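A short reminder: the numbers here are calculations on the coordinates, not readings from a lab. Predicted model only: the values in this text are computed from it and were never measured. Backbone-built Cβ (ideal geometry, glycine too); neighbour counts: all protein chains shown.
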Amino acid sequence: MREVVLDTETTGLDVLAGHRIVEIGCVELVNHVPTGNTFQRYLNPDRANEREAFEVHGLSDSFLSRQMRFREIADDLMDFLTDSPLIIHNAAFDLGFLNFELEQAGHPRISGERVVDSLELARRMFPGQANSLDALMRRFEIDATARTHHGALLDAELLAQVYLELKGGRQQGLGFGPASDDQAVAVEDEAETETTVRDARPHEPTAQELAAHEAFLDNLNDPIWRRG
């Protein structure tokens with residue numbers, strides 16, 4: 001199964017106030033394993049950052065003004081996403097920005113039905129606790145030392161690790177794939193090995209065990225084992 005972990009950085013917190021995406025990052029998972037296939041673009045938002053947003057992602061207005069606009073990368077993004085389920089933390093925020101940009105670029109909106117909100121998964125697993133991406137990384141002991149600023153691709157990579165932990169942790173090397181020739185031969189050899197027949201283990205109590213049990217019952221008040 002293919003899934004895409006997605007994150008965005010924006011000029012501010014409110015798409016209805018005219019804020020826009022300045023970076024989008026995606027990480028591909030296949031059967032809950034990162035493939036190394038990613039998608040990342042910086043974007044020209046045609047407006048200035050809010051000061052608080054710049055302090056979060058560190059992408060200056062000057063740098064962003066030299067990047068492509070969303071409509072110029074929309075086809076490439078949709079080709080990467082295909083129809084795969086999307087994993088997003090606090091999905092309503094990113095999806096609101098993403099759908100606004102898609103509509104402006106002439107693409108259909110992404111339905112919330114194909115989105116898995118990792119924040120909701122975390123809230124069900126850790127009710128009443130802090131479940132921000134930072135809090136979850138600390139809880140799962142995920143190394144984020146390279147994260148001096150928030151970045152969409154870096155955060156998507158970190159979120160992929162958090163998501164896999166929320167789904168039960170990575171279980172690699174369990175041999176669910178097709179068996180190799182050597183493994184197949186080993187299984188066949190094992191099947192042909194003669195089975196050693198052993199006597200059944202004794203289950204009846206010894207006289208010593210029965211005496212110890214009676215001594216234990218002597219210390220109980222009206223034990224049920226002596227009723228009848």
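Scanning region 5-24 for residues that are farther than 19 Å from SER132 by Cα, touching a Phe, Trp or Tyr at 6+ places or on another chain (Cβ under 7 Å) and of a type in the set (A, V, I, L, M) yields VAL15, ILE21, VAL22. Here the condition is being without any contact (Cβ under 8 Å) to a residue 24 or more places away in the chain and more than 15 Å from the chain's Cα centre (by Cα); of GLU113, GLU101, it holds for GLU113 alone. The requirement of being touching a His at 6+ places or on another chain (Cβ under 9 Å), closer than 16 Å to ALA152 by Cα and of a type in the set (Gly, Ala, Ser) is satisfied by SER118. Within region 14-25, the set of residues being touching a residue at least 60 places away in the same chain (Cβ under 8 Å) and assigned to a loop (DSSP other than H, G, I, E, B) comprises HIS19, ARG20.
Filter region 26-66 down to the residues that are assigned to a loop (DSSP other than H, G, I, E, B) and in contact (Cβ under 8 Å) with a residue 40 or more places away in the chain, then identify the one that is nearest to HIS149 (Cα to Cα). My answer is GLY58.
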